[in-house]
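The values are calculated or read from the model by the stated rules, or taken from the named source; none is laboratory data. Model, not experiment: these values are computed from the prediction. Every residue, glycine among them, receives a Cβ derived from its backbone with ideal geometry; neighbour counts consider all protein chains shown. We work out accessible area using only protein heavy atoms, side chains counted, and drop any ligands, DNA or RNA first. Shrake-Rupley method; radii C 1.70, N 1.55, O 1.52, S 1.80 Å.
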Amino acid sequence: MTFELIIFLITLFGLAGIGTPVGYSIITASIMYFTFGDLDIALAGEKILQGLYKSFVLLAVPLFITAANIMNAGTITDRLLNFCTAAVGRFKGGLGHVNVVASLIFSGMSGSAVADAAGIGKIIIGMMTKDGRYSRGYAAAITAASATIGPIIPPSIPMVLYSVISDTSIGYLFLAGIVPGLIMGLVLMIMNALISHKRNFATEEAVPLSKLPKTTAKAFPALLMPAILLFGIYGGVTTPTEAAAIAALYALLLTGVIYRSISIKSLFEVLVDSARSSAAVGVVIGGAFILNYIVITENIPGIMTTFLQGIDISPLAFLLFVNVIVLLLGCFLDATTIILVIIPLFIPVCKALGIDLIHFGVLVVVNSMIGLITPPYGILLFVINAVTGIPLKEIISEIWMFILVLLIALLIMIFFPELILWLPEMFGYKS
């Protein structure tokens, strides 16, 4: 380990330890690395610009963020919830099922777990806790757990970021996320059904089947968005970046023209919030580009590959090892930081061991999403606490059951990669 790398690590962990945002910590530590390594500090800016110029797909990130924020500002969320209530609300624990199904549908539009939790989550928690149907902690916990599906089913902002650092097809990554997202939704609904019967949660009044067509018609334009995105990407009509632009435009047309539920003032606020969120992600992306240069300069991937090959580790053991690390890191770091900063270290080893990078990418994203609800950091827990005022103690006491079933789903995906790769292979992917 070189002296400048030691200085880099001390600066990075020191700044992060006192609460400096990760992106700023990486950039500052990188400047220290270049200074003590007798390199031009301007190299930091050069690596950021080179990374951005080579990663056109990154434009999809602010566009998907904007699309999600526009949908939250309009009445799309309400219409989707009415549709889900009519479809699955009649069963035991019905509003819990509505929560999960709504997240499955909304995930096909936003690509963001935070957007899912902050938007549709706040409304469904209010529905669940009304008249004491469900406890506050349980309603918040299942909302946080179902929000993790958001970045798994396409579109997905974390998968866009993974495609950049792994040089894999974003189209195949999106396809690979569909079945895992459905598996996550299924295990959450099974757990909800078991708990609902054990605690005797209220059963909602069934919506007459005669009203289902009308409810579906009101939500139909919103339900079309995932189909439009998938057809555009996999039909060869648009690139993923262009599909993100179409998603933002379609969300604007729905809320502004069809539903007439957003004002100019609200739209301006949405654009400002989207710009802030995009900038926050952009700082981490910029820091990751510099960090990747330092990692390559120090030959860290080569050292890791040689070490792991020297101990003759199997691909399955390596996957389990990495997923444990990502799960532990997810207790303290956000998904963007894990994907952009940590995962590039493992990709050369995956190639050396013959692990499919699409399979690996989906596992990383799923694992990172579980980290969003894992204490003590668990950003989704804080988001729901902020928008609802439900104490963190009540949410955390109920979240463990859902973490358990999501971990079971993750293990299924690790041991049965064909569940992830089946759909991409149907569209021509060679695993």
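Quick look at the numbers
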read-out	value
Share of carbon and sulfur in the accessible heavy-atom surface of segment 180-272 [1.4 Å probe, %]	71
Probe 1.4 Å, protein heavy atoms only - accessible area per residue of the chain in square angstrom	42
Per residue Cα convex hull volume in Å³ - calculated over the chain	144
Under 23 Å between alpha carbons - lysine pairs in the chain that sit 8 or more apart or on different chains	13
Simple label model, 7 Å out from Cα along Cβ direction - Met304 to Arg276, nm	3.4
